[in-house]
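This report refers to the structure that appears directly beneath it.
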Amino acid sequence: METPGLDRGGEEQRHEALVDDLVARGELRTPAIVAAFREVPRHLFVPRALVDDAYHDHPLPIGAGQTISQPTVIALMTEALELRPTDRVLEIGTGSGYQAAILSRLVSQVFTVEVVPELGTAAARRLAGLGYANVEVRVGDGYQGWPQRAPFDRVIVTAAPQRVPAALVEQLAPGGILVAPIGAYYYQRLVRLRRTPLGVEEDFLADVVFVPMVHGVQ
Ligand code: SAH
């Protein structure tokens, strides 16, 4: 596969250095996840003007007032999902498509929902262009999940709702795991919910800062 601009200005070395650092700090632990981080070129998911910053460990603007998350946070959430190769995963908040691309290397199918049409359309085109064929993008309101594709083994929410959206828990398969930042503007608790025969168990992962999940039109 030809990847345009893959090593325009030392991106390959910066990419390796970032992943090495995430491994050294223990943020990335699972070998398959480390491999996915090495494989997906983050600089192809950020605006052209920010390519030189793509391998710094911080979030970056991607247009429409939205951001691609910080690599450390993406590592934390991806590790927390306890992914299996056969999983069908729902992501809420496609954004640039980067998290979806990482997930696509680790599971069988990724379904991702974006509320801002321009972002969803651009991400779908980017993912298809780069050959991530097991990702399906939908423009719509993530509070509704994606009932036509449910149930999901894993759900990852990458914008922050004030409370866990009920539809997302309903669309979780038995034994399924949901990871989401929950809380107010600019400060949330990253939590993991596990659907068990006895009900839903919750554990706390970290304090985080995500853009708020907005109520959109269907
Ligand atoms: N996962 C993304 C980053 C997400 S930023 C990446 O890898 O680049 C959060 C995204 O959630 C933004 O694109 C924002 O538009 C989207 N979003 C906010 N509210 C939403 C909703 N109700 N449904 C779906 N997406 C939503």
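What follows is calculated from the coordinates using simple rules that are stated; it is not laboratory data. Since this is a predicted model, take the numbers as computed values, not measurements. FYI the Cβ positions are ideal-geometry reconstructions off the backbone, even for glycines, and counts take in every protein chain you see.
Extension gain for A35 to E170 (0.36 nm times residue separation, less C-alpha to C-alpha distance): 45.4 nm. Distance between the pseudo-spin-label points of R189 and R163 (7 Å out from Cα toward the beta carbon): 1.5 nm.
Summarising the amide proton neighbourhood of V191: residues at separation of 5 or more, or on other chains, whose placed amide H is nearer than 5 Å comprise A180, I182, L205. Per-residue extension of 0.36 nm, minus the Cα-Cα distance of E202 and R48, leaves a gain of 51.5 nm for this segment. Once backbone amide H atoms are built at 1.01 Å from N, F111 has V89, L90, E91, E136 as its partners under 5 Å, excluding neighbours fewer than 5 places away on the same chain.
Hey, any idea what the orientation-averaged projected area of the convex hull of the stretch 58-208's Cα atoms comes to, in nm²?
On the way: hull surface 32.4 nm².
Result: a mean projected hull area of 8.1 nm².
Quick one: net charge around L190, please, counting Lys, Arg +1 and Asp, Glu -1 for every other residue with C-beta under 14 Å from its C-beta. Can you show the working numbers first?
Values: positive: R189, R192; negative: E27, E79, E202, D203, D207.
Charge balance near L190 sits at -3.
The angle between the Cα long axis of helix 71-80 and the longest principal axis of the Cα atoms of the chain comes to about 40 degrees, rounded to the nearest 10.
DSSP bridge analysis restricted to the stretch 58-208 gives an antiparallel fraction near 55%, rounded to the nearest 5.
For the chain, what is the calculated [θ] at 222 nm in deg cm²/dmol (nearest 500), taking -39500 (n - 2.57) for each run of four or more DSSP H residues and dividing by its residue count?
On the way: 6 runs with 58 residues, N = 218.
Computed mean residue ellipticity for the chain: -7500 deg cm²/dmol.
Here the Karplus curve 6.51 cos²θ - 1.76 cosθ + 1.60, taken at θ = phi - 60°, turns the phi angles of the stretch 182-191 into couplings of 10, x, 7, 3, 6, 6, 9, 9, 7, 10 Hz, with x standing for Gly and Pro. Using θ = phi - 60° in the Karplus curve 6.51 cos²θ - 1.76 cosθ + 1.60, the 3J(HN,Hα) couplings for the stretch 39-50 round to 7, 8, x, 4, 5, 7, 10, 10, x, 3, 5, 10 Hz; x is entered for Gly and Pro. Please work out, to two decimal places, the log10 of the ratio I(q)/I(0) at q = 0.22 Å⁻¹ from a Debye calculation in which every Cα of the stretch 1-114 carries one identical scatterer. Treating every Cα as an identical point scatterer, log10 I(q)/I(0) equals -1.37.
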